[in-house]
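Working notes, beginning with the structure itself.
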Amino acid sequence: MTSGIGQSNAKKEERSNVIVACRVMQPELECIRDGNSGVDIRYIDQGLHRTPDKMAALVQEQVDEAAPCAKRIVLGYGLCSNGIVGVVARQQGLLVPRSHDCIALFMGSLSAYKKAFEKRPGTYYLTPGWIQEGKDPLGIVEDDYMRRFDRETSMWVMKEELKHYTHIALINTGLAEQRGLRERAMENARVFKKEYEEIKGSLEYFSKIIRGPYTDQFFLNINPYDAVTQEMFFE
């Protein structure tokens with residue numbers, strides 16, 4: 001379920017920055033890391049966003065494994081439907097993006113996400129990673145729901161999930177070849193009768209996750225033995 005890309009390249013005696021992140025961010029984080037062996041990135045399958053009750057235990061497992069060799073531990077997660085509530089780093093403490101979900105990370109800042117939300121609150125966002133891993137609405141129907149239901153029922157379930165959305169937007173971070181991703185995003189919009197939009201993304205937040213600075217504007221700095229709580233994201 002997880003992979004520690006770069007872990008084998010780092011000398012065991014060195015203390016590295018450890019990032020525990022959702023795999024949906026892999027293209028962006030790997031671009032920023034660019035082979036830096038002083039950064040250990042541990043990816044967890046992105047499908048957990050649909051079962052957030054299982055997320056904390058898997059994130060905690062990676063945090064505990066990283067503790068003996070980590071200089072600092074940074075999560076590549078926002079609050080994520082309370083999926084990281086309860087996670088604790090007993091030795092180093094935790095640095096956590098100050099965001100309720102990962103969309104702000106792909107847009108470069110929480111303020112950019114807030115502006116987009118205020119402009120069009122009924123938007124379902126897609127990123128290159130979501131589409132490539134089949135976690136777009138059509139992919140969820142095909143790879144998940146149709147294992148349990150017939151196609152008609154599967155489509156009905158997804159349409160119910162999307163009924164309050166008016167737009168489907170692709171966040172273009174500039175890393176992947178966009179033609180196939182754009183076509184897939186537009187197909188999602190057409191099938192589920194939503195307006196299509198493309199939004200320019202940014203690597204700024206991902207750069208801060210890898211390199212810092214870990215300022216209060218972008219990160220919660222959680223002390224050792226203090227667990228992540230929902231209230232921290234509303235302060």
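Give the relative contact order (percent, whole number) for the chain; include only Cα pairs under 8 Å separated by 6+ residues. It would help to have the intermediate numbers written out before the result.
Details: 416 pairs, mean separation 57.0, N = 235.
Relative contact order comes out at 24 percent.
Using a 10 angstrom cutoff on alpha carbons, build the Gaussian network for the chain and name the most mobile of Asp136, Asp34, Asp64.
Looking only at Asp136, Asp34, Asp64, the biggest GNM fluctuation is shown by Asp34.
Once the convex hull of the alpha carbons of the chain is built, what does its volume come to per residue, in cubic angstrom?
Dividing the Cα hull volume of the chain by its residue count gives 122 Å³.
Could I have the simple spin-label model distance between Ser111 and Gln91, label points 7 Å from Cα toward Cβ, reported in nm to one decimal?
In this crude spin-label approximation the distance works out to 3.7 nm.
Using label points projected 7 Å from each Cα along Cα→Cβ, tell me how many nm separate Lys200 and Asn82, to one decimal.
It works out to 3.9 nm between the two label points.
To the nearest µm²/s, what D does Stokes-Einstein give for the stretch 110-200 at 37 °C and 0.692 mPa s, using the Kirkwood radius over alpha carbon pairs as Rh?
Numbers: Rh = 13.6 Å.
After rounding, the answer is 241 µm²/s.
Hey, in the GNM for the chain with a 10 angstrom Cα cutoff, which one of Gly108, Gly129, Gly180 fluctuates hardest?
Among Gly108, Gly129, Gly180, the largest GNM mean-square fluctuation belongs to Gly180.
If the stretch 193-235 were replaced by its equivalent ellipsoid, with semi-axes equal to the square roots of 5 times the Cα gyration tensor eigenvalues, what would those be, largest first, whole Å?
Equivalent-ellipsoid dimensions as semi-axes: 29, 18, 8 Å.
Which of the trypsin sites (Lys or Arg not before Pro) found in the stretch 94-169 are in a DSSP loop and have at most 16 neighbouring Cβ atoms, other than their own, within 10 Å?
Arg148, Lys163
Near Lys163, which aspartates and glutamates are there with a Cα under 13 Å away, not counting those fewer than 8 places off in the same chain?
Glu195
For the chain, list the DSSP H helices whose alpha carbon atoms reach 30 Å or more along the long axis and whose average Kyte-Doolittle value is -0.5 or above? Walk me through the intermediate numbers first.
Details: long enough: none.
Span-like helices here: none at all.
What's the longest uninterrupted piece of the chain once you rule out the chymotrypsin sites (Phe, Trp or Tyr not before Pro) that are loop residues per DSSP with at most 14 other Cβ within 10 Å?
On the way: sites that count: Phe149, Tyr225.
No qualifying site falls inside 1-148, the longest such stretch.
Measure up Lys54/Lys193; Lys71/Lys115; Lys54/Lys114; Lys119/Lys193; Lys54/Lys115 against 25 Å on the Cα-Cα distance and list the ones that go over.
Table pairs above 25 Å Cα-Cα are Lys54/Lys193; Lys71/Lys115; Lys54/Lys114; Lys54/Lys115.
Starting from the Cα-Cα distance between Asp64 and Asn221, subtract it from 0.36 nm times their residue separation and give me the gain in nm to one decimal.
So the chain would gain 54.8 nm between Asp64 and Asn221.
Read-outs throughout are calculated quantities, based only on the coordinates presented, and are distinct from any laboratory measurement. The shown structure was predicted, so the numbers you read here are calculated from the model rather than taken from an experiment. So basically every Cβ, Gly included, is an ideal-geometry build from the backbone, and we count neighbours across all protein chains shown.
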